[in-house]
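What follows is a set of notes on a single structure, which appears directly below.
No value in this document is a laboratory result; all are computed from the given coordinates. A quick note: this is a predicted structure, and the numbers were derived from the prediction, not measured. Note that each Cβ is placed from the backbone with ideal geometry, even for glycine, and that neighbours are counted across all protein chains shown.
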Amino acid sequence: MNDALDVALRLLVVFVVFLTFPLIVGQTEHKVMAHMQGRLGPMYAGGFHGWAQLVADGVKFVQKEDIVPAGADRRIFQLAPAVALLPYLLVLLAIPIGPGEGAVGQVVDAGIFFVLAVMGVGVLGSLMAGWASANKFSLLGGLRTAAQLLAYELPMLLTAASVAMAAGTVSLPGIVDAFEWWWLPWQITGAIVFFVAGLAELQRPPFDMPVADSEIIFGAYTEYTGLRFALFLLAEYAGIVVLCGLTTVLFLGGWHGPWGADGLGWVWTLLKAAVLAFLVIWLRVTYPRLREDQLQKLSWTLLVPLSLAQIALTGIVKVVIR
Amino acid sequence: MTLAQAHHGFLSPTGVEIAFLLVGLVTFGAALVTVTTKQLVHAALWLVVALGGLAVEYLLLTAEFIAWVQVLIYVGSVVVLLLFGLMLTKAPIGHSPDADSGNRWAALTVAVAAAAALVWVVVDAFRATWIDLDGPAAGSTEVTGASLFQNWVLPFEALSVLLLAALVGAIVLSRRAKAESSSPPVNSRAATESSRSVTESSDNSGSPSSASDARKNPAEQEGTR
């Protein structure tokens with residue numbers, strides 16, 4: 001009974017994190033973008049600096065009519081948002097935020113493989129949406145999404161493999177346990193490649209060619225309205241949370257901080273992830289959208305060689321220090 | 001060992017065995033729908049269900065590493081590539097008129113023969129094998145890695161060379177196609193064709209957790225015990 005309670009509690013906590021953190025990132029994005037552009041952003045909803053803007057948005061989305069186009073493939077069209085969103089919930093289960101058994105939803109032996117595999121499944125949601133909408137813009141968006149995933153999955157995997165080599169384990173808590181401060185300069189190339197590839201996989205600006213709203217009208221999501229559209233948006237922000245959490249755990253030492261990991265380790269994890277999330281928003285405001293061929297070129301001619309070089313470096317250092 | 005564990009026999013299966021059977025039925029059903037449905041994209045999506053069901057079966061057999069690699073490579077990459085290819089075609093929403101091939105009986109024969117050969121090989125290989133259940137779980141990452149890089153290094157490296165050959169072949173083919181047609185190549189497409197090979201042969205550089213090579217010989221790993 002106690003075990004069941006424990007499991008239920010963990011699931012509940014992860015679920016609450018899954019529902020709140022993406023909203024916090026979204027609200028931060030509203031405000032940070034606004035201030036970077038010399039605006040104020042939402043100011044009315046909820047009273048204090050528009051803190052409840054996304055709640056209001058959610059209420060608005062729920063009230064809208066749920067439309068399925070006549071020519072669409074009904075079931076796949078309706079299933080797609082769930083396929084896009086649920087993988088991120090599963091991934092959150094495996095990301096540790098503090099030392100010990102208590103600070104992770106579920107310890108997964110092959111953690112890196114688990115998170116990368118399940119994150120890859122999320123893209124199927126966009127592909128299903130793109131194909132089932134019976135809309136040419138959606139189809140274009142789906143095509144671009146697939147091409148982008150195929151290009152950026154590889155550098156992401158390779159850099160994750162580099163960290164696994166350094167740590168000698170593929171379990172996420174194990175990697176953070178093995179972390180030393182000098183891994184930071186050692187794995188910095190890998191960290192940057194991983195983060196950039198992750199951004200591309202989430203289709204965040206400047207890698208948002210698949211959803212480019214001014215060209216193909218939000219790509220795979222063109223035909224979606226109401227709650228289902230909101231679910232796709234939620235998936236994007238949940239993806240940011242997952243990516244920042246993963247980069248923190250793999251490359252930035254998770255709960256390690258200047259004053260040890262005792263007690264306040266989880267604060268360090270959250271702080272690092274928050275800084276990364278800020279960076280994600282900052283990049284969106286700063287850079288223009290990459291063209292489709294530039295996107296492919298960046299991955300194949302820059303990120304893949306860099307990640308291979310990182311693996312070679314990791315291997316050499318690993319052999320030398322043994 | 002409790003009494004219940006000691007006495008459960010062929011006719012009183014455990015929960016895991018029941019789950020294994022049920023997931024197997026679902027996987028089989030999804031595979032059947034994959035080859036019989038007349039909607040092309042539905043076939044690809046049912047393939048996701050079948051491959052995912054296989055991953056669950058691996059999990060139930062405690063082969064956690066193989067299970068996640070299965071999801072990563074097959075669901076995450078192969079099916080995405082398939083869908084990408086389908087989107088480039090004129091696959092309609094709804095029934096494809098020419099989805100039924102005339103060779104279906106030949107295909108069925110080959111499939112049954114292949115399945116029979118596989119079942120026969122597996123049964124023959126493990127008929128008298130005793131698996132020690134007291135050690136670490138046989139499918140865990142550590143055990144898999146150790147057996148792969150200690151007992152099966154030669155086949156592993158041979159596979160790497162094979163994949164390298166595939167990569168070089170893909171590059172040669174795409175370059176020749178480029179030379180023949182002076183029109184500019186579709187960038188993303190050329191990239192994806194070689195991407196599979198890059199994924200697999202770039203693991204030559206000695207990463208211990210090379211996912212795509214490891215998935216090639218699960219059967220051989222099992223054979224060590």
Completion exercise
How many residues of region A:94-119 are crowded, with 22+ Cβ neighbours inside 10 Å and assigned to a helix (DSSP H, G or I)? The answer is 10
Exercise for the section: Assess whether A:L298 counts as being assigned to a helix (DSSP H, G or I), within 14 Å of chain B (Cβ to nearest Cβ) and more than 30 Å from A:A34 (Cα to Cα). Expected result: no
Handout entry: Lone unmet requirement of (1) surrounded by fewer than 18 Cβ atoms within 10 Å (Cβ to Cβ); (2) away from chain B (no Cβ under 14 Å) for A:A82
Key = (2)
Exercise for the section: Kindly list the number of the only condition in (1) under 29 Å from A:A164 (Cβ atoms); (2) buried (at least 21 other Cβ atoms within 10 Å of the Cβ); (3) among the aromatic types (F, W, Y) that fails for A:F77. Expected result: (1)
Completion exercise
Exactly one of A:A132, A:A147 is under 19 Å from the mean Cα position of the chain (by Cα), at the interface with chain B (Cβ under 9 Å from one of its Cβ atoms) and either surrounded by fewer than 24 Cβ atoms within 10 Å (Cβ to Cβ) or among the aliphatic types (A, V, I, L, M) (or both), and that residue is A:A147
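Conditions tested, residue by residue: (1) within 14 Å of chain B (Cβ to nearest Cβ); (2) surrounded by 24 or more Cβ atoms within 10 Å (Cβ to Cβ).
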site	(1), (2)
A:F137	yes, no
A:Y152	yes, yes
A:T159	yes, yes
A:A167	yes, no
A:L172	yes, yes
A:V176	no, yes
A:A197	yes, yes
A:P205	no, no
Completion exercise
From the option list B:V35, B:V23, B:V56, B:V16, single residue qualifying as away from chain A (no Cβ under 14 Å), farther than 23 Å from A:A134 by Cα and buried (at least 17 other Cβ atoms within 10 Å of the Cβ) is B:V23
Practice task
From B:S77, B:S96, grab the single residue that is more than 11 Å from chain A (Cβ to nearest Cβ) and either charged (D, E, K, R) or surrounded by 16 or more Cβ atoms within 10 Å (Cβ to Cβ) (or both).
Solution key: B:S96
